[in-house]
Each structure stands twice: as structure tokens, then as C-alpha cells.
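Below: the structure, in C-alpha cells.
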Ligand SMILES: Nc1nc2c(c(=O)[nH]1)N[C@H]1C(S)=C(S)[C@@H](COP(=O)(O)OP(=O)(O)OC[C@H]3O[C@@H](n4cnc5c(=O)[nH]c(N)nc54)[C@H](O)[C@@H]3O)O[C@H]1N2
Ligand SMILES: Nc1nc2c(c(=O)[nH]1)N[C@H]1C(S)=C(S)[C@@H](COP(=O)(O)OP(=O)(O)OC[C@H]3O[C@@H](n4cnc5c(=O)[nH]c(N)nc54)[C@H](O)[C@@H]3O)O[C@H]1N2
Ligand code: SF4
Ligand SMILES: [Mo]
């Protein structure tokens, strides 16, 4: 067996991974040496090996519907881009890239667009993710810098988590924080309009009013000032704008009092203010609940203000901490992948533009920022951009107003998509599809949330014709006539050049300095251990913590507190609408193109659910698990409801994950208004008015099949099981069952049948060559159908006993229906755990672990296990399998 050390493909925690392989075997383990995770992985990381099936991959370049060899594809891309530039100028071309590219890929994309094509039109999905944090950092510190380090979570006495569901979105950091709490009693405050699994370790949860963050942190600032918690010496010497920021905060105090009263959170707010004021070592971690808002940048500065005012920055155990989402969100920001940044943390100033042009020897240097994501797709829609190259992102699902994005792509004369997976929603609009290497094949670097650069190392041969993204772009740049500037044959050459640019004419003026790597050789690159920046040439070691000396990269070396005022949030409840909040589930990643392939990850939340408060559900006559339509003028979704007091009245929540391959109508992005923050242009994904209505379905169904089948019903959602696909269905008319029966019967040579489509109750099994091929259960009530047993029948030939029991949906044997999966690592289901708790009188998470193994893997499910114990803190609603 061989071991290769690499980095997880998913979140910004940036966990080190060991891939141990040999023959057909592949084992994925946490890297005990990596500073981010010290050997831990979450459910998604542990299932990385299950997402590598070659069936789902895009294997060859496809131009205008035909597979072609690489040289033809490269020529097609180069000539179409060139023709567009020649006719309409460089600004008619755009790249839309991603925080899931490696730094080396990103560097080549940025150089090609900004230095050679000659436009600023390269933007990234980080615009949807981190751009408010970037804008906030630049306003406060003069550069886009996360000053702290993960060790601060081990050393803090108070950790404030705002707009973050850390338990589900950054599970390994959550586990680390939990361990710190157990060890030293760290106090934890969670600020989130809904109650999430993250609240499980919270001493205090403030169910803030949506959009109330500037108000809350403004109130905190005023409190810190009034109670003398702000040391004047620090703010006098190191901070500008103190007085103005305090004045702005005080001006909003009355509003905070009123809003807190209305929301019923006055006491919680007071307790939070006291705790912050009296604790020196405070880390405030923030994520999408802060960034994805029409005032996201102001929210970031409202948080940073409180740390600057009180000297709680630049020292161990304290500081504002922007948690990044994607594995290389930081690397992308470093190379300049945002349209408003130039390169290596430099802006489009005349001086920097000239510097970068000389460094690149660029013939067509862009001199002004390009279009930012929402604006970019608007320009595609209006025909101002005529060619777009989309890499490692799925905007037809993930952009706000995704319906308009689809229309824009369908009108665009040249759409090029590079992806590792075939058949994504975005690829439907592509004229040219390019097969990119996936996680296990690629080599390069990524930067995580705490500025640690880690190597991603490939350990398997590329599937089909797949190439690394940097290779694809290098070939295109060469075909466009810029071969001299794009001579790359190995990622180390690109990394060296990127490092050299960060150090070029730097002289200490830009903290992003990787000068120590400007001459790195291939062997050192190959063995590079996780390393932080800054790491200038000649430095003995990288700098772990920034701003320790109170010196900031602004012209006068002082940080800036920003006077921010609360903005009126989107009114909730106006004209009977509910406010839609969107976000993530524990075991799915974004648009599910990869996590959707791992059967271990589909059991936790098999379907997209609309979380809704019991009061709203009662008013709208919606029962738990009932089907609902969520709509507004832009789009719609048809999902099932989950009634829960985790959600505040008037507010609902939908996951962002389901795409058109996985569900009939559940793309949340189609509902989101394209409202953006004025500074960062980041869209507001967390507050969109929608109407919710109960839907009456005549029948429900379960369809087990070997391949994805087209189904005629209003509702369907598809998940992968170990040996087949399971499509959950519901429809308004029995005629749909009959139609389905007809399609299925075509070409079938042997089948078993029970019931009658006309009465709305039908069970059908198709058998091919002695093996179960397709199985349909349609009816009003499917409770008791044993999904685990039925799916196990797809693994081998059917025996007589199986045939007899098949249509009853239950085995007579010992097989046990696990229920929805709670522990993904060991595939333990809710029913299994509940049974064990009841039968054996288990009363702790440890006892559940000893008996069922649940919770003993990555630990991500521990909050859910607690809720299954005899005296749960809170009643949890369950969603059954059918
Ligand atoms: N499992 C999983 N993990 C992921 C990802 C994934 O797809 N799946 N994606 C990764 C990426 S790219 C990202 S960006 C991160 C995102 O990580 P998070 O930001 O933690 O995740 P979200 O679920 O988008 O939103 C966080 C919380 O913000 C809350 N919120 C909504 N409105 C407000 C508000 O007005 N104020 C406050 N204070 N809170 C509010 C929401 O209720 C939600 O619980 O996760 C990363 N990790
Ligand atoms: N409603 C709602 N929408 C949101 C959000 C939200 O909270 N709510 N959050 C937003 C945020 S924070 C983010 S980050 C975005 C994420 O949104 P997307 O970036 O659209 O999501 P992914 O599914 O990660 O898309 C990545 C694509 O790249 C492919 N891919 C993976 N690795 C590689 C590679 O190495 N090379 C290439 N060429 N392709 C690769 C994958 O197969 C997939 O198709 O969604 C945003 N949209
Ligand atoms: S926390 Fe999970 S998803 Fe994030 S990097 Fe670590 S293993 Fe990967
Ligand atoms: Mo993100």
C-alpha cells in the first residue's frame, strides 16, 4: 500500500488527508501531522473516496456536441475567444471561476485575462461567498487579511460564532472548539436567526432578527465604549475613526432596543455584551450569515470595529475571524481572481498596474476592474459579453436569480465549461465542454482560512482525457499566441512565478509576501509541508500572527474603524410572504455534483426540506412532511415541509444543494433576488420574500432503478444508494402512475405486479436476467416499506423468497430498517439508534457509540445523537424515509 498526503477537496478548514492505496483499495484518513485537523476528518472528507467513480466523469472534450481530440478543442476555444476579441474588444470576453481551483490554476486564469486578453472580466464564485469579508478587511486593515490562526480557538475564553453553522459547515473546526470548551471552559455564543446544530455547544444562542448584525455589533461597540472596556491608548495610537464609529453606533441604539424587544432577545443581548466586555480573549468567527447580505461589508466592519476598539486583535486567543467556505477561497483572493483586484493583493492603481504589466511582460494589461458576478451574468444576458469560460463552478444552480443566469447562458454565442463531472446543469448551455482533472488527480496548492498553504497531491491517473485546469488554460494561451508568457509544464513553475510576483517590488509594503518560495525547486515543492504566509525571502520562518505590533498595511499604518449604520432589513411578513433563508446541510457540498455520488452522504438528509415554524405551518394548513410550493416572481421550488421550532415565525429555510439532476424543482438559486452589497457586490442569499403554499398530492412513490429514469410527476428527488438509485416521487394525478407504468413496461421481459394504477396504488418489479432491474411502489401510504432491504436486492440474483416478499416491501428475515442515516461514517440510522436507546436504556452519547458505533467516527453527528437521548434538550422532528 502507498500513502500520499494531500488536502481535502471541500471546506475552508483545509484538512490534511492521507490517501492510502494499492490494488483496488483506497482508504481515506486524516493526516495527523496537518495543523488544521491533526488527523480528524468529517463525514464529507471521509467519503472522498466514494466520489471518485469514473462513470460520472466528463471524459473527453466536446465541441458543439461531438467528442474531439484535445488539439481541436483547444483550437476551438482559442479561435472563438480571439474572434470575439477582434470583433467586439476584450471586454466582450469573461471568465467565471471558482474557489475550488488550485492556486496554480487560478494564477494562470488571472494572468491570461488581465495581462493578455486585456480585460478585468474575471470573477469568481468567491464573490458569492467571501467578497464582503474582503471588502471589510480592506476598509479596516488596508489589505485582505485574516489576522488570526486556528490555535486562537484553542486559547480563547469566548468564541462568538455569528452567521455560521460551524457544526455542519466546518465540522472539524467545530470539533476542535468543542474540545477546547471541554478542556478550558471556553464560553460560546451563537448568533443566528435559527437554532442550528452549532447551538449544541453554545452557552448562549441569540436568535437575532434577520439582518440585525450591524445593529447588534453597533450596540456592542457602544456598550464597550460606555463601560470603559475600550483601552484608549490602543485606539489612540493604532486606530483611526474611533469617535465617528462610536457616534454611528450610538445613533442606532434606540433601534436596537426596539428590535430586541420585538424579537424577545433583550436578555440574551445584555448577557452577550457583558460577556464580551469582561473577557479579554475573544474570537468572533463569522461566515455567510454575515457576508451574504445587502449590507454584508458593513456587518463585517461592525464586528471588526469591536475588536479594534478593545485591542482584541493580533494577540493569541483573540481577533475577528472570517471563516472561508471553499478549499481555496483564500488562494483565489491571493492571486487576484476577483474582478476588482489586480493580482497578489494589489489593486488597479496606475502604479500596481504598471508593476504587474512589467512583471508579466503583458502586451494588453487591463487597467480597470472587470464585471462582478451578478453584473457579469447581466452583461451576458444583454449581449455585452459574448464569450464566457466557466471553470469549477455551477452558476446555473448557485447564482442568485438562477433562471435569468440560464437565460443569459442560452443566449450567449460562446459558452465554455471546464468541469470534472459530466452533465451538470451549467453544461447544458455549453458549446464547448472541457474535461478537468478531479481532486484525486490534481497537483498544486490551496490556502485555507488561517492562511495555511497546503499541497494537494494527485494519487490516481486522470480519467479519460481529463487535464489539469492550468494545463488547459496554458494550451489555450499558447494557441492564442502567448506561448512565451505561458511556458508551463509543471505546477511548480506557476507557484514560483506567483510567489515571485507577491515579492516583486514589495519591500514590506504588502503583507502577502511569499518571497521565500520564489525559487522553490521541484523536490521542495513536492514535499512542501503546510506553511503560512507571510513568508518573505530571507525570513527564518513564516509569520503566524499578523498585527501583533499594532501596525497595519494602510498609508498611515493605523487600522480604521468604520462608521456603519443599520439598514432597514427586508420586511418580513409583508403581504403574507415569509422570509427565505438558505444555506447548507451537513453531508452535501454545494450543487451536489460530487457529494451526490457518495451513497454514505445521501442518507442524512435524503430530500430538500423547507424548515417552517409550527405557527406558520398551522396558518398555511401545512402538515409535517407535507408537500409545499415555495415561490416568488423569479422562481419556484416544490419540496416537503419540516415543521420545527428551530425556525422563527415568519422565516423559512431551504438548502442550496439540489440541482436539476437530483430533483424536479428544488433549485433555491432560482428564487433569490439579485440584490447585492454596494461595496462588495456580494449577493444577499439569506433574506428573500417568498410565498409558501400547501400542495395536495394524490399519490406518493418510491422508484428504485439502476439508472436515472425520467419521471412524469410534480415532485421527485433522487439519491444514490449503495447499489441502485432511489427516486422519491409524488404527483397530483393517478394518470401519472399509469404513464410511468407504460414507460417502465416498454422493453421489460419479466415483471411482478400488484394493485392498479387507476386506483392510485401500484407495486411493480421488473426483472432482467434473474436480477431486479426496477422497482416501483406507488400509493397513498408507503410507511413500512423497508428501503434498506429493497435496495440490498439489487446486489445479486433474486431468489424465490425475495420474489415472494418483494412487493410487500418488507422482508420476513432479520433485516432491520435503519431509518434515515444519522452517523454517515458507520451508516447508523435514526431508527437503529432509537431502538438501542430504548431497549438498552442508553443515556449518553458515549453509550450510543459503544452500542451502535454512531458518533465514534468524525463526530459530526453528536448533536443529533444528543437529541435522541431520553431527555433531549429539545424535541427534534423526524422525517421518515418515504
Ligand atoms: N456541509 C457543507 N459544508 C460546507 C459547504 C457545503 O456546501 N456543505 N460549503 C462551504 C462554503 S463554500 C461556505 S461559504 C461555508 C458556509 O458556511 P456557513 O456560513 O456556516 O453556512 P450557511 O448555512 O450558508 O449559513 C450560516 C448561517 O447563517 C445564518 N444566517 C442567516 N441570516 C443571518 C443573519 O441575518 N444574521 C446572522 N448572524 N446569521 C444569519 C443561517 O441561518 C445559517 O445557519 O460552508 C462551507 N462548508
Ligand atoms: N441559495 C444559495 N445559493 C448560494 C449560496 C447560499 O448560501 N445560498 N452560497 C454561495 C456560495 S458561498 C458558494 S461558494 C457557491 C458555490 O456554488 P458552485 O461553485 O456553483 O458549487 P459547486 O457545486 O461546488 O460547483 C463546483 C463545480 O466545479 C466542478 N469541479 C470540482 N472540482 C473541479 C476542478 O478541479 N476543476 C474543474 N474545472 N471543475 C471542478 C464540480 O463538479 C462542480 O460542477 O454557491 C453560492 N450560492
Ligand atoms: S472539515 Fe470536513 S469538509 Fe472541511 S476540510 Fe475538513 S474533512 Fe474536508
Ligand atoms: Mo462559499
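The values are calculated or read from the model by the stated rules, or taken from the named source; none is laboratory data. As the structure is a computational prediction, the values presented were derived from the model and not from experiment. Note: ideal-geometry Cβ built from the backbone for every residue, glycine included; neighbour counts use all protein chains shown.
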Are any of the residues in region 570-585 in a loop (DSSP other than H, G, I, E, B), closer than 30 Å to residue 49 by Cβ and either out of contact with any helix residue (DSSP H, G or I) (no Cβ under 6 Å at 6 or more places or on another chain) or within 16 Å of ligand 2 (Cβ to nearest atom) (or both)?
yes
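Does at least one position in region 303-311 carry a residue that is in contact (Cβ under 8 Å) with a residue 60 or more places away in the chain, under 22 Å from residue 325 (Cα atoms) and in contact with a helix residue (DSSP H, G or I) (Cβ under 9 Å, 6 or more places away or on another chain)?
Just the residues of region 303-311 that are in contact (Cβ under 8 Å) with a residue 60 or more places away in the chain, to begin with: 303-306, 308-311.
Subsequent filtering for residues that are under 22 Å from residue 325 (Cα atoms) retains 303-304.
Narrowing further to those that are in contact with a helix residue (DSSP H, G or I) (Cβ under 9 Å, 6 or more places away or on another chain): 303-304.
The answer is yes; a qualifying residue exists.
Could you pull out the residue among 296, 289, 319, 325 that is closer than 29 Å to residue 14 by Cβ, at pLDDT 95 or above and within 16 Å of ligand 3 (Cβ to nearest atom)?
Numbers: 296 fails: within 16 Å of ligand 3 (Cβ to nearest atom); 289 fails: within 16 Å of ligand 3 (Cβ to nearest atom); 319 fails: within 16 Å of ligand 3 (Cβ to nearest atom).
Within the list 296, 289, 319, 325, the selection yields 325.
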Condition test on residue 204, is it surrounded by fewer than 22 Cβ atoms within 10 Å (Cβ to Cβ), within 15 Å of ligand 1 (Cβ to nearest atom) and in contact (Cβ under 8 Å) with a residue 60 or more places away in the chain?
yes
Set 708, 681: member being over 30 Å from residue 567 (Cβ atoms) and in a loop (DSSP other than H, G, I, E, B):
708
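Does residue 33 satisfy the criteria of being within 16 Å of ligand 3 (Cβ to nearest atom), over 21 Å from residue 855 (Cα atoms) and over 24 Å from the mean Cα position of the chain (by Cα)? Step through it out loud before you land on a result.
Working: within 16 Å of ligand 3 (Cβ to nearest atom): yes; over 21 Å from residue 855 (Cα atoms): yes; over 24 Å from the mean Cα position of the chain (by Cα): yes.
In short, yes.
Conditions (1) outside any helix (DSSP H, G or I); (2) without any contact (Cβ under 8 Å) to a residue 60 or more places away in the chain; (3) closer than 23 Å to residue 782 by Cβ, marked per residue:
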residue: 826; (1), (2), (3): yes, yes, no
residue: 832; (1), (2), (3): no, yes, yes
residue: 836; (1), (2), (3): no, yes, no
residue: 842; (1), (2), (3): yes, yes, no
residue: 846; (1), (2), (3): no, yes, no
residue: 849; (1), (2), (3): no, yes, no
residue: 854; (1), (2), (3): yes, yes, no
residue: 859; (1), (2), (3): yes, no, no
residue: 865; (1), (2), (3): no, yes, no
Taking region 42-52 and keeping only residues that are part of a loop (DSSP other than H, G, I, E, B), crowded, with 22+ Cβ neighbours inside 10 Å and within 16 Å of ligand 2 (Cβ to nearest atom), one is left with 47
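The rows are residues; the columns are (1) free of Cβ contacts under 8 Å to residues at least 40 places away in the same chain; (2) under 18 Å from residue 771 (Cβ atoms).
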| residue | (1), (2) |
| --- | --- |
| 701 | no, no |
| 716 | no, no |
| 724 | no, yes |
| 734 | yes, no |
Hey, does region 731-752 have a residue that's under 39 Å from the mean Cα position of the chain (by Cα) and part of a loop (DSSP other than H, G, I, E, B)?
yes
Selected residue (only one of 115, 39 is within 27 Å of the chain's Cα centre (by Cα) and either in contact (Cβ under 8 Å) with a residue 60 or more places away in the chain or more than 16 Å from ligand 2 (Cβ to nearest atom) (or both)):
39
Could you please find all residues in region 328-351 being closer than 14 Å to residue 120 by Cα and either at pLDDT below 95 or in contact with a strand residue (DSSP E or B) (Cβ under 7 Å, 6 or more places away or on another chain) (or both)?
335, 336, 337, 338, 339
Meets criteria (in contact with a helix residue (DSSP H, G or I) (Cβ under 8 Å, 6 or more places away or on another chain), assigned to a strand (DSSP E or B), within 13 Å of ligand 2 (Cβ to nearest atom) and not assigned by TED's automatic domain parsing to the domain that holds residue 757) for residue 641:
no
With the structure loaded, tell me whether residue 392 is in the same structural domain as residue 423 (by TED's automatic domain parsing), within 16 Å of ligand 4 (Cβ to nearest atom) and in contact (Cβ under 8 Å) with a residue 60 or more places away in the chain or whether it fails that test.
yes
As an exercise: evaluate residue 246 against (1) assigned to a helix (DSSP H, G or I); (2) surrounded by fewer than 20 Cβ atoms within 10 Å (Cβ to Cβ) and give the number of the one condition it does not meet.
(2)
Please go through region 778-787 and give me each residue that is out of contact with any strand residue (DSSP E or B) (no Cβ under 8 Å at 6 or more places or on another chain) and either under 9 Å from residue 817 (Cα atoms) or modelled with pLDDT of 85 or more (or both), ordered by number.
784, 786
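Looking only at region 7-33, how many residues end up being away from ligand 1 (no atom under 14 Å from the Cβ) and surrounded by 24 or more Cβ atoms within 10 Å (Cβ to Cβ)? Before the answer, list the steps.
Taking region 7-33 as the starting set, the residues that turn out to be away from ligand 1 (no atom under 14 Å from the Cβ) are 7, 16-33.
Checking which are surrounded by 24 or more Cβ atoms within 10 Å (Cβ to Cβ) leaves us with 7, 16-17, 31.
Total satisfying the criteria: 4.
Yes or no: residue 595 surrounded by fewer than 21 Cβ atoms within 10 Å (Cβ to Cβ) and closer than 30 Å to residue 4 by Cβ?
So residue 595 fails the test.
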Suppose the filter is more than 16 Å from ligand 3 (Cβ to nearest atom) and either without any contact (Cβ under 8 Å) to a residue 60 or more places away in the chain or touching a helix residue (DSSP H, G or I) at 6+ places or on another chain (Cβ under 7 Å) (or both); does residue 284 pass it?
yes
From (1) farther than 22 Å from residue 655 by Cα; (2) within 16 Å of ligand 4 (Cβ to nearest atom), pick out the condition that doesn't hold for residue 130.
(1)
Output for region 423-446, where each listed residue is touching a strand residue (DSSP E or B) at 6+ places or on another chain (Cβ under 8 Å) and near ligand 2 (Cβ under 9 Å from one of its atoms):
424, 426, 427, 434, 435, 436, 437, 438, 439, 442
